[in-house]
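Visitor: Sending over a structure as structure tokens; questions will come in a sec.
The values are calculated or read from the model by the stated rules, or taken from the named source; none is laboratory data. Worth saying up front: this structure is predicted, and the values here are computed from it rather than measured. Cβ placement follows ideal geometry from the backbone for every residue including glycine, while neighbour counts extend to all protein chains displayed. Ligands, DNA and RNA are excluded from the accessible area calculation, which covers all protein heavy atoms including side chains. Shrake-Rupley method; radii C 1.70, N 1.55, O 1.52, S 1.80 Å.
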Amino acid sequence: MNESIAERLRYCTTLPSIPGVAVRIIDLANKPDTSMVQICDCVSMDPALSAKFLRVARSPLYLTRRTATNVRQAISLLGTHASIMIALSFSLLNSIQQKPTGAAVDRTQFWRRSMLSALACRALGEKCGLKKLDDLFLAGLLQDIGILAFDAMMPTEYKLLTRTTLSHEELLQAERQAFGSGHDEVGYWLLKRWRLPEYLAQSCLATHDMSAEKEAMSKMAACVAVSGPIADHFLNPANSEITAKAYQAGQTYLDLENHDLAGVLDIVASRLPAAEELFDIKLIGDAEVNAIMAEARDLQMLRQIGKSHELERLSQRDALTGAHNRGFLEGVLHREFELASRHGWPLSVAMIDLDHFKNVNDTHGHPVGDSVLISVVRNVQSQLRPDDIFARYGGEEFVVILPGTALEQSLSLLRRLRDSISSIEHVQERGEPLKVTASIGVASHMDGGVQFNRPDDIIKAVDDAMYHAKRSGRNRVEIWKGHLPTPNT
């Protein structure tokens, strides 16, 4: 920190101070063997703080399962460490909330942002699976306490600075340029002077160094770093640039996707009424809360829809090859068969079976066989139209559905597929590249006077034609015998 600023801080008599109860609580926080009895005694000395604890134990923010009727029960329900952090939050907030004469900083706006940051920090900790959520709340609450120290130490100069800066980041940069230090360093100095635990004071520094590598930041510091942009979003929900910064911070420091951060926003928004009642402060208007919750839930809904679509897509695919599976094939075949029958459109269907594939598995092993299947599927799919359907029927058998395609047109495609399959060189770890051929049977519905009664009938027809191709020497395309004579190849 700049030495001249450090000297002014040391001799400043108007810095934010903390009450006696907070001093005693900080002393307890720094002792590893603090007991519940000591906390009870300390809290009970302050009637206002005692009343707050009873409200906390009943608040939806803390979700305690039993009702507390006295301070001892409340602290027992909340736990020793959490009680210390909660007591500190209340006592510090109450003591430094008042605006001194001549101060430039809008205390109401400052504490609104601080409280929103605290709630966001706690919710982010929950999302990340952290344990000490009340430490996070306090760290979020105090991360900008250096602003109040600057305001108390040099109100005239600081007033000029706050009038010419718009955003939180701009204010920090302006402080560093004008005074040689920012409110991050001043806040750290003040929290150390109050003898708060080092990790709380350190979060004041780390969260303002947005250039720091996220790997070098603790999870706690990362949560506090993201909590500020979230608070700005709540205070300026219509500003798309501020909203984008919040989502970007979540991605950068906590690897949170937009839908994850939207879930955090939803949690914060849902807890605002309880926080406002508990801390006696109005944070944002109901309309803004509803808008933010609607936006967050829209993002979450889009995520769920996307996941549903992805699950549906995966359920339609063969796990090994990526071709459509038999269940999907049957559904599509029934639909296309009905459309072709109703409108008189041609529908061609072909069955492709890889020749001597059992020998491939027996000779070269199933991993090689699997690799052959995958290569064949990719080759075939690359030559089909978007509306064509290619599915694995079973084992090494595949079915191609060609909607709106007559027999002669389908023959041209299938002969090309036959030649393409036979030309693939399947690389092995040892030995020469392996090649396979395919036998193909084809039939057409609503074409050349041929009409099948059911979808299953056309599958039986192409299966018969495929076996005829095998009996005729393999590596062939054969037309179902029910069609008018057409040269086979």
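Visitor: For segment 403-421, give me the residue count where each residue is farther than 26 Å from PHE337 by Cβ and touching a strand residue (DSSP E or B) at 6+ places or on another chain (Cβ under 7 Å).
Guide: The initial filter retains those residues of segment 403-421 that are farther than 26 Å from PHE337 by Cβ, namely 419-421.
Checking the rest, the ones that are also touching a strand residue (DSSP E or B) at 6+ places or on another chain (Cβ under 7 Å) come to 421.
Number satisfying all stated conditions: 1.
Visitor: Mind listing whichever residues of segment 347-376 are free of Cβ contacts under 8 Å to residues at least 60 places away in the same chain and either under 30 Å from HIS445 (Cα atoms) or among the hydroxyl-bearing types (Ser, Thr, Tyr) (or both)?
Guide: From segment 347-376, those free of Cβ contacts under 8 Å to residues at least 60 places away in the same chain are 358-359, 361-363, 365-367, 369-371, 373-375; that's our starting set.
Hits for segment 347-376 are THR363, SER371, LEU373, ILE374, SER375.
Visitor: For segment 127-142: of the residues being part of a loop (DSSP other than H, G, I, E, B) and modelled with pLDDT of 90 or more, which is surrounded by the fewest Cβ atoms within 10 Å (Cβ to Cβ)? It would help to see each step written out before you state the result.
Guide: Step one: list which residues in segment 127-142 are part of a loop (DSSP other than H, G, I, E, B), which gives 128-132.
Then drop every residue that is not modelled with pLDDT of 90 or more, which leaves 128-130.
Working: CYS128: 18, GLY129: 7, LEU130: 17.
Only one residue tops the list, namely GLY129.
Visitor: The conditions are (1) at pLDDT 90 or above; (2) open to solvent by 30 Å² or more (accessible area, probe 1.4 Å); (3) in a helix (DSSP H, G or I), and TRP345 fails exactly one of them. Which is it?
Guide: So TRP345 meets the others, but not (3).
Visitor: Residue by residue through segment 464-480, note down the ones that are basic (Lys, Arg), surrounded by 13 or more Cβ atoms within 10 Å (Cβ to Cβ) and outside any loop (DSSP other than H, G, I, E, B).
Guide: Here is the first cut: in segment 464-480, the residues basic (Lys, Arg) are 470-471, 474, 476.
Filter once more, keeping what is surrounded by 13 or more Cβ atoms within 10 Å (Cβ to Cβ): 470, 474, 476.
Correct list: LYS470 only.
Visitor: Have a look at SER227, SER203 and point out the one that is open to solvent by less than 70 Å² (accessible area, probe 1.4 Å), outside any loop (DSSP other than H, G, I, E, B), modelled with pLDDT under 85 and within 30 Å of LYS31 (Cβ to Cβ).
Guide: Residue meeting the stated conditions: SER203.
Visitor: Counting just the residues of segment 5-22 that are in a helix (DSSP H, G or I) and open to solvent by less than 70 Å² (accessible area, probe 1.4 Å), which one comes out farthest from VAL71 (Cα to Cα)? Spell out the reasoning first.
Guide: Step one: of segment 5-22, the residues in a helix (DSSP H, G or I) are 5-11, 20-22.
Imposing the further condition that a residue be open to solvent by less than 70 Å² (accessible area, probe 1.4 Å) reduces the set to 5-6, 9, 20-22.
Values: ILE5: 42, ALA6: 40, LEU9: 37, GLY20: 19, VAL21: 15, ALA22: 17 Å.
Among residues in segment 5-22 that are in a helix (DSSP H, G or I) and open to solvent by less than 70 Å² (accessible area, probe 1.4 Å), the one farthest from VAL71 (Cα to Cα) is ILE5.
Visitor: Also, I was wondering about something else. Taking only segment 415-463 into account, find how many residues are surrounded by 13 or more Cβ atoms within 10 Å (Cβ to Cβ), under 15 Å from SER371 (Cα atoms) and of a type in the set (A, V, I, L, M, F, W, C).
Guide: So the answer is 4.
Visitor: Hey, another quick one. Exactly one of (1) within 28 Å of LEU116 (Cβ to Cβ); (2) within 39 Å of the chain's Cα centre (by Cα) is unmet by LYS31. Its number?
Guide: (1)
Visitor: Take the conditions modelled with pLDDT under 85 and not in a loop (DSSP other than H, G, I, E, B) and apply them to LEU265. Does it pass?
Guide: Numbers: modelled with pLDDT under 85: no; not in a loop (DSSP other than H, G, I, E, B): yes.
No, not satisfied.
Visitor: Which of the residues spanning segment 121-151 are in contact (Cβ under 8 Å) with a residue 60 or more places away in the chain, in contact with a Leu (Cβ under 9 Å, 6 or more places away or on another chain) and of a type outside the set (A, V, I, L, M)?
Guide: Residues satisfying the conditions are CYS121, GLY125, GLU126, LYS127, CYS128, ASP135, GLY140.
Visitor: Here are some residues: GLU295, GLU257, GLU277, GLU241. Which one is modelled with pLDDT under 85 and open to solvent by 70 Å² or more (accessible area, probe 1.4 Å)? If you could, list the steps in order and put the result at the bottom.
Guide: Working: GLU295 fails: open to solvent by 70 Å² or more (accessible area, probe 1.4 Å); GLU257 fails: modelled with pLDDT under 85; GLU241 fails: modelled with pLDDT under 85.
Selected residue: GLU277, the only one of GLU295, GLU257, GLU277, GLU241 that is modelled with pLDDT under 85 and open to solvent by 70 Å² or more (accessible area, probe 1.4 Å).
Visitor: Identify, please: which residue in segment 148-187 is surrounded by 14 or more Cβ atoms within 10 Å (Cβ to Cβ), within 36 Å of the chain's Cα centre (by Cα) and acidic (Asp, Glu) and is, among those, nearest to CYS12 (Cα to Cα)?
Guide: The selected residue is GLU185.
Visitor: So, one more: Please verify whether segment 356-364 includes one or more residues that are under 24 Å from ARG476 (Cα atoms), touching a strand residue (DSSP E or B) at 6+ places or on another chain (Cβ under 8 Å) and open to solvent by less than 50 Å² (accessible area, probe 1.4 Å).
Guide: Yes, segment 356-364 contains at least one residue that is under 24 Å from ARG476 (Cα atoms), touching a strand residue (DSSP E or B) at 6+ places or on another chain (Cβ under 8 Å) and open to solvent by less than 50 Å² (accessible area, probe 1.4 Å).
Visitor: Which residue is least open to solvent (accessible area, probe 1.4 Å), if the candidates are limited to segment 23-58 and must be of a type in the set (Gly, Ala, Ser) and farther than 17 Å from THR80 by Cβ?
Guide: Among those residues, the one meeting the criterion is ALA51.
Visitor: Also, I was wondering about something else. Give the number of residues within segment 59-85 that are surrounded by 15 or more Cβ atoms within 10 Å (Cβ to Cβ), of a type in the set (A, V, I, L, M) and either modelled with pLDDT of 80 or more or under 34 Å from the mean Cα position of the chain (by Cα) (or both).
Guide: Residues in segment 59-85 being surrounded by 15 or more Cβ atoms within 10 Å (Cβ to Cβ), of a type in the set (A, V, I, L, M) and either modelled with pLDDT of 80 or more or under 34 Å from the mean Cα position of the chain (by Cα) (or both): 6 in total.
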